[in-house]
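Let me begin by presenting the structure, written as structure tokens, before commenting on it.
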Ligand SMILES: [Zn+2]
Ligand SMILES: [Zn+2]
């Protein structure tokens, strides 16, 4: 498996983008991004250029769309065109089902971006009756996303949903409209994919995002594994425990630079690693460049999810540089509890 840098939210002149697909993919290649999701507003017509652009730039182009409505913006990836125009504020699940049935996934775009009158429909207002239906949420939106106020609200909402037991994947999306030079910097979403992912790129990416094998980052890779005996669990995995079993894991954390996405190289300085969970902070350690790994034992007990972030300096500001999606923990019924539940204990 490999962590591959993607840009998951992009526009071209097929909606309101200012750069062509070819210009955008050339710039993506220059940055070291290996794939993009083309998510024009309410159309997939831009995909007609995808094959030629992909051949020229070697940047993989995934089919997607951004439903752009009065009640919010929803991203799709990996599905063919699915209609959204009949969806009222209480009907979002009807639309989500269409995407899921077509083999795609849905994500809420910039849930806390300012709505009307600044940007009508940009703020998420659909009634979500079951958050299990939402595959991902754009927790990092726009350039230098960790410094944007609306993203801290999105992070808070994502955390609340995790605490409530939902498994929603956090992603980054530049909402990329033009390739002009910026003072602000883009993030990417690293996606953990098998070696042969390009043979069925859309399917592999859809599966990985749905599983939570994603990491929004300004560049560094933050690799976290939970080791229990012979088993190793990484981001997106679930650790099964029961009351009678071992509940201690060793968290192993490493920070490495990506092989391809290194636009800021030495300009980012990681100084701290934090592991958060539904029970609060589990680990908070200083990090220096000579360090190769952090290892710490953690008692799982009532922990149901844990995720890591690396803090540091970017453009002279101290902020989050990368964060992982969670490793989840599931409390399985112990044998005794199961017997009680199903009444199958043999009485001698
Ligand atoms: Zn939008
Ligand atoms: Zn957009």
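Rule-based calculations on the coordinates, nothing more; no lab input. In this text, all values refer to a predicted model and were calculated from it rather than measured experimentally. Here the Cβ positions follow ideal geometry from the backbone for every residue, glycine too, while neighbour counts run over all protein chains shown.
Enclosing the Cα atoms of the stretch 223-269 in their convex hull gives a volume equal to 101 cubic angstrom per residue.
Among 217, 204, 231, the largest mean-square fluctuation in a Gaussian network model of the chain (Cα springs under 10 Å) belongs to 231.
Rg and Dmax over the alpha-carbon atoms of the stretch 220-348 stand at 18.7, 72 Å. Length gained on full extension, residue 184 to residue 332: 48.7 nm, using 0.36 nm per residue less the C-alpha separation. How tilted is helix 21-31 with respect to the longest principal axis of the chain? Cα atoms for both, answer in degrees (0 to 90, nearest 10). The answer is roughly 50 degrees.
Test of understanding: what is the full-extension gain from residue 1 to residue 131, defined as 0.36 nm times their sequence separation minus their Cα-Cα distance? Full-extension gain reported as 43.9 nm. When the Cα atoms of the stretch 75-223 are aligned to their principal axes, the ranges along those axes come out at 42, 39, 35 Å in descending order. The slack in the chain from residue 295 to residue 318, taken as 0.36 nm per residue of separation less the alpha-carbon distance, amounts to 5.9 nm.
Spacing of the modelled spin labels on residue 152 and residue 196, each 7 Å from Cα toward Cβ, amounts to 4.7 nm. Across the stretch 200-297, the relative contact order, built from alpha-carbon pairs under 8 Å that are at least six residues apart, equals 26 percent.
Spin-label pair residue 284-residue 234: with each label point 7 Å from Cα along the Cα-Cβ axis, the two points sit 2.9 nm from one another. Could you compute the FRET efficiency for residue 114 and residue 266, with r as their C-beta to C-beta distance and R0 at 35 Å, rounded to 0.05? Efficiency at R0 = 35 Å is approximately 0.50. For the stretch 1-217, relative contact order (Cα pairs under 8 Å, six or more residues apart, normalised by length) works out to 22 percent. Computed per residue of the chain from DSSP H runs no shorter than four, each worth -39500 (n - 2.57), the mean residue ellipticity at 222 nm is -5500 deg cm²/dmol.
Could you estimate the translational diffusion coefficient of the stretch 242-309 from the Stokes-Einstein equation, with Rh from the Kirkwood formula over C-alpha pairs, at 10 °C and 1.306 mPa s, in whole µm²/s? Let's see the in-between values first.
Numbers: Rh = 13.9 Å.
Rounded, D is 114 µm²/s.
Quick check: Cα centre of the stretch 105-139 to Cα centre of the stretch 192-242, how many Å? Taking the Cα centre of the stretch 192-242 as reference, the centre of the stretch 105-139 is 24 Å away. Computed packing ranks the peptides 175-181, 57-63 as 57-63, 175-181, most packed first, by mean other Cβ atoms within 10 Å. Restricting the calculation to Cα atoms, the chain shows an Rg/Rh of 0.99 when the hydrodynamic-style radius is the Kirkwood one. Spatial offset of the stretch 243-316 relative to the stretch 27-52 amounts to 32 Å, using the alpha carbon center of each. For residue 83 and residue 52, what does the FRET efficiency come to when R0 = 22 Å and r is the distance between their Cβ atoms, rounded to the nearest 0.05? The computed FRET efficiency comes out at 0.20. FRET efficiency for the residue 257 to residue 97 pair, using the beta carbon distance and R₀ = 45 Å, is estimated at 0.65.
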